[in-house]
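Reviewing the structure listed below.
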Amino acid sequence: MSVRTVVLVDGEHYPPVVRAAIDDLRARGHDVVAAVVLGGTEKLRLGDHPDYGVAELVTDSDQITALRRAIEDFQPELVVDASCSPVVDSRSRMLLASHALARGVAYAGADFRFDPPPRPRLVTKPSVAVVATAKRSGKTALAGHLARVMSGQARPPVIVAMGRGGPEEPELIEVGHDLTPEALLRLAEDGRHAASDHFEDALMARVATIGTRRTGGGLAGAPLHSTFDRGVEIANQRPEGIVILEGSGAAVPPVHADATICVIPADADPEIVTGYLGPYTLLLADLVVVTLADEPLDRAAKALEDRIRELVPGTPLVRTTFRPYPLEPISGSSIFFATTAPPEVAGMLAAHLESEHGARVVGWSTNLADRTLLVEDLKAAEGAGVLVTELKAAAVDVATRVAAEAGMDVVYCDNRPVVTSGGAPVDDGSFDEHLLGVVDLAVQRFEPTPPRGS
């Protein structure tokens, strides 16, 4: 069966040489429907129109625009890159590949091939994916906030989450499930990862949440193995009208989403976010949220934002930070605070707990993801009657256990997003409007899956 193919060519090769390569592709089963001219003129005669033996030549103001137009106009299954240096280099090739993959088209060259990660339409109701470019980006906190905003609009979702420490089989956590420190500690003592994302989502957002597991993550975010599809099957049977599909680290949920929110921490390496195949995830997004954009990281956030806007100029972008929100009153209490936040912002978070929640912070740790250092930090919690901790990493099996043994109360806290400007929080209500706009977009795009056999 022939493969509908678009070929990328350049003027640094003599046209007869390129034509011979295209003829060879045809002999190997490729239906070459167009050639995209990426640039270069050294091997082209002045004023000539090169004959590559294809009916359509595509040129434009830049390589990306030309490739996108060729994909839109000719609907290929495969892009074959027959160009080389100096017209393209490794960086520009990966960007071209990202654009092809984001449009569901495979991208191949002489010694490489990238296939779009499979994302089948398995969800039977509108869906919003919340994905990230890295671990510790605030993705779970954002998914939980989205769920609360939707519930406030009488549109409660069901969340399907996946994680490295997810349950062996998909696990439904209903609203009202016992997620007290004591209950979670019992799970940890049974060998469970009691701070897995689906527990955090269920506790913080108070919506039905399904936990799944995944292993590994490819260059374009595909997990090597996951139970996510089985979690979606459970969500499909639920009464909620919308599904939030939550990624894990840089892994993207391996199912089709009607709309996507991409979360990027302000301290992320711009070369990773906008280089290699990083653009693939950004190109999926209908909204980009830069997190941790407090004053210490404001300059980094601005530089990162500039790079992102160059890559996806039409995609809305919001800069935010997080503030801790204890799930129980802590006013008047002496507390020790445990977080995964960067050390440079932990002091501001502690100050927020004092100014907004009336606590007296006697110490804090930013080592919630490092069990050895966390134990050492907790030894400095003398004088604290309450441990206030995020529900992440070692929050249960180490922090909750040590606090319980020391006779301290345990209060879990949410991380709630706030829009920032110049590194300072700005509570103008616009962020929730952005989120609801993405939900509305998902509803508009949703296409019911035809029944099997139809």
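The values are calculated or read from the model by the stated rules, or taken from the named source; none is laboratory data. Please read these numbers as outputs of a predicted model, since none were measured by experiment. When we count neighbours, we look across all protein chains shown, and the Cβ atoms used for this are built from the backbone with ideal geometry, even at glycine.
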Among helices (runs of 4 or more DSSP H) entirely within the range 108-226, at least 1 residues that are free of Cβ contacts under 8 Å to residues at least 40 places away in the same chain, surrounded by fewer than 23 Cβ atoms within 10 Å (Cβ to Cβ) and outside the structural domain of residue 387 (by TED's automatic domain parsing) occur in 139-152, 181-189
>> Residue under question is residue 416, and the condition is that it be among the basic types (Lys, Arg) and touching a strand residue (DSSP E or B) at 6+ places or on another chain (Cβ under 6 Å); does it hold?
In response: yes
Residue hits (the range 410-433; farther than 14 Å from residue 389 by Cα, out of contact with any His (no Cβ under 7 Å at 6 or more places or on another chain) and at pLDDT 90 or above) are 418, 419, 431, 432, 433
For residue 310, the lone unmet condition from (1) in a helix (DSSP H, G or I); (2) surrounded by fewer than 16 Cβ atoms within 10 Å (Cβ to Cβ); (3) outside the structural domain of residue 203 (by TED's automatic domain parsing); (4) in contact with a helix residue (DSSP H, G or I) (Cβ under 8 Å, 6 or more places away or on another chain) is (3)
Sole miss for residue 279 among (1) within 24 Å of residue 447 (Cα to Cα); (2) crowded, with 18+ Cβ neighbours inside 10 Å is condition (1)
Filtering the range 361-394 for residues that are touching a strand residue (DSSP E or B) at 6+ places or on another chain (Cβ under 7 Å), of a type outside the set (A, V, I, L, M, F, W, C) and surrounded by fewer than 16 Cβ atoms within 10 Å (Cβ to Cβ) leaves a count of 1
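For the range 59-77, which positions are within 11 Å of residue 33 (Cα to Cα) and touching a helix residue (DSSP H, G or I) at 6+ places or on another chain (Cβ under 9 Å)? Write out each step before concluding.
Just the residues of the range 59-77 that are within 11 Å of residue 33 (Cα to Cα), to begin with: 70-71, 73-77.
Within the range 59-77, 71, 76 meet the criteria.
Just to be sure before I move on: is residue 26 charged (D, E, K, R) and farther than 29 Å from residue 228 by Cα in the structure I sent?
yes
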Do the conditions hold for residue 340, that is, is it under 23 Å from the mean Cα position of the chain (by Cα) and in the same structural domain as residue 384 (by TED's automatic domain parsing)?
yes
The residue from 381, 351, 341 that alone is of a type outside the set (Ser, Thr, Tyr), in a loop (DSSP other than H, G, I, E, B) and under 17 Å from residue 414 (Cα atoms) is 341
Those residues of the range 410-429 which are of a type outside the set (Val, Ile, Thr), without any contact (Cβ under 8 Å) to a residue 40 or more places away in the chain and on the phi < 0 side of the Ramachandran plot amount to 427, 428
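Right, residue 400: closer than 24 Å to residue 295 by Cα and among the polar types (S, T, N, Q) or not? Give the derivation first.
Working: closer than 24 Å to residue 295 by Cα: no; among the polar types (S, T, N, Q): yes.
Answer is no for this residue.
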| field | Filter pass, residue 292 being at positive phi and at pLDDT below 95 | value | yes
